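Participant: Have a look at this one.
None of the figures in this text is laboratory data; all of them are computed from the coordinates on show. Because the structure is a prediction, the values reported are computed rather than measured. Every residue, glycine among them, receives a Cβ derived from its backbone with ideal geometry; neighbour counts consider all protein chains shown.
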């Protein structure tokens, strides 16, 4: 079956299997920043935004996304520069192996759009579905709070 | 990937129901549960989101909530969120993660009648009724629905009565992102310090949520202060729980007392 999805601002017509998951479709199309990890809606590594809301692409039927807008990590920065959240994660030591970072950034972008000035607890609550097995969450939380402050001051 | 032959998007509840009656068909709403199924006999997925049902209507005596309303949207209506002492506002954030709440729907969370469902416990405390379609529209209480397990029906709407009282939800899990080892809901209507009416629901037993009538009857007519210990003793004695990978029945019994204690202190 054929679906039309706007991915990172570009409308694409894609041939898919009826039972295909969005994660598979996106990776097949080259969006490899969307990570294949647990496939059980548990880790958040495959997070993307659909119509601005963070969801798990491993458990989203691609057919259900027909006519909607998807944003992957590739849509939040260009090839030559990192986004402010990505830079802050590096500066605060919030990334080690980096596998969870794309999902974390996609979810954080939604958080800061919904709540531009979150408290520490609000960051922790919002990001609790993005598991990190290297860094722990303190430095990541600090990075998000730092970006929130910087964006507020602009 | 589920090896299905067709992903159908019906326009109406009636056409969705007809599609769902063909052997090998499975309804999907939020999709979280269906996406993880490891079954090979599903040939057609019938997507219920295409029929709409995303309304939250504020009527004089009830809230009417469309079955396809996302869990995250339940707190978008401040009157609904603040009902019975901010029950939904305080409890929805305890369910899953941001991403899961953006995907899971209210109808889908009830339809599977999963034992560990926090949503069933929460909406059972609210004394909710369901509108279902099985060839014709009818109403059934949530309590009856989980008992009867009607097959092949579509939940179209959830009705939450605007009853008085204060309700709280308690959950014990390894982390608040994890499935509950046990969850508990309590609603009391007070006349001064006297309990006029009570509703106590325990879920993730690991069986599906159940009202604990013995504890409700014990609470009614008593002064709230000073009955906690006896109520908790009774709860531990009467609650029907089982063992699974998360906890033994004995552990759950002990938890039930702890959660009721916490809930009684909160109201």
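Participant: Using a Förster distance of 45 angstrom, determine the FRET efficiency expected from the C-beta separation of residue A:99 and residue B:262, and round it to 0.05.
Facilitator: Values: r = 37 Å, r/R0 = 0.83.
Approximately 0.75, to the nearest 0.05.
Participant: Continuing with the same structure: Among DSSP beta bridges whose residues both lie in chain B, state the antiparallel percentage, nearest 5. Please list the in-between numbers first.
Facilitator: Numbers: 38 of 45 bridges.
Within chain B, antiparallel bridges account for around 85 percent of the total.
Participant: May I pose another question? Could you give me D for the range A:84-153, from Stokes-Einstein at 20 °C and 1.002 mPa s, where the hydrodynamic radius is the Kirkwood radius over C-alpha pairs? Units µm² s⁻¹, please.
Facilitator: After rounding, the answer is 184 µm²/s.
Participant: Hey, rough spin-label estimate for residue B:217 and residue B:174, points 7 angstrom out along Cα→Cβ, what's it come to in nanometres?
Facilitator: Computed distance between label sites residue B:217 and residue B:174 equals 3.9 nm.
Participant: For residue B:148 and residue B:36 in the same chain, what is the full-extension length gain: residue separation times 0.36 nm, less their Cα-Cα distance, in nm?
Facilitator: Numbers: separation 112, 0.36 × 112 = 40.32 nm, distance 2.48 nm.
Additional length available on full extension: 37.8 nm.
Participant: Right, another one. What value, in deg cm²/dmol to 500, does the helix sum -39500 (n - 2.57) over DSSP H runs of n ≥ 4 give at 222 nm once divided by the residues of chain A?
Facilitator: Mean residue ellipticity, 222 nm, calculated: -10000 deg cm²/dmol.
Participant: Continuing with the same structure: Express in % the proportion of alpha carbon pairs of the range A:57-114 at distances exceeding 16 Å.
Facilitator: Details: 853 of 1653 pairs.
Here the long-distance tail beyond 16 Å is 52 percent of all Cα pairs in the range A:57-114.
Participant: Can you give me the C-alpha center-to-center distance between the range B:142-189 and the range A:46-123, rounded to a whole angstrom?
Facilitator: One Cα centre to the other: 31 Å.
Participant: Run the quick spin-label model on residue A:119 and residue B:60: label points 7 Å from Cα toward the beta carbon, then report their separation in nm to one decimal.
Facilitator: 4.0 nm
Participant: Evaluate E = 1/(1 + (r/R0)^6) for residue A:90 and residue B:245, where r is the Cβ-Cβ distance and R0 equals 35 Å; express this FRET efficiency to the nearest 0.05. Mind showing how you got there, number by number?
Facilitator: On the way: r = 39 Å, r/R0 = 1.12.
Taking R0 as 35 Å, the efficiency between residue A:90 and residue B:245 is 0.35.
Participant: Can I ask one more? Using helices alone, I'd like the mean residue ellipticity at 222 nm for chain B: each DSSP H run of four-plus residues gives -39500 (n - 2.57), total over residue count, nearest 500. Could you put the intermediate results ahead of the total?
Facilitator: Details: 11 runs with 89 residues, N = 267.
Calculated from helices alone, the mean residue ellipticity at 222 nm is -9000 deg cm²/dmol.
Participant: Here's another thing I want to ask about it. Direction-averaged shadow area of the convex hull around the Cα atoms of the range B:117-168, nm²?
Facilitator: Averaged projected hull area, Cα only: 3.9 nm².
Participant: In units of 2.2 N^0.38 Å, what is the alpha-carbon radius of gyration of chain A? Provide the component values of the computation, followed by the final result.
Facilitator: Working: Rg = 15.3 Å, N = 154, 2.2 N^0.38 = 14.9 Å.
Here the Cα radius of gyration is 1.02 times the empirical estimate.
Participant: Tell me, what is a quarter of the convex hull surface for the C-alpha atoms of the protein assembly as shown, in nm² with one decimal? Each step should come with its number before you reach the end.
Facilitator: On the way: hull surface 87.1 nm².
Answer in nm², one decimal: 21.8.
Participant: Separate question: Calculate log10 I(q)/I(0) of chain B for q = 0.13, 0.15, 0.16 Å⁻¹, where I(q) comes from the Debye formula with a single equal point scatterer on each Cα and nothing for solvent.
Facilitator: So the normalised log intensities work out to -0.85, -1.09, -1.22.
Participant: How big, on average over all directions, is the shadow cast by the Cα convex hull of the range B:166-266, in nm²? If you can, show how the numbers build up before the last one.
Facilitator: Numbers: hull surface 23.0 nm².
Directional mean of the projected Cα hull area for the range B:166-266 stands at 5.8 nm².
Participant: Also: The range B:52-167: percent of C-alpha pairs farther apart than 20 Å? Intermediate values should be presented prior to the final figure.
Facilitator: Working: 2293 of 6670 pairs.
Cα-Cα pairs of the range B:52-167 separated by over 20 Å account for 34 percent.
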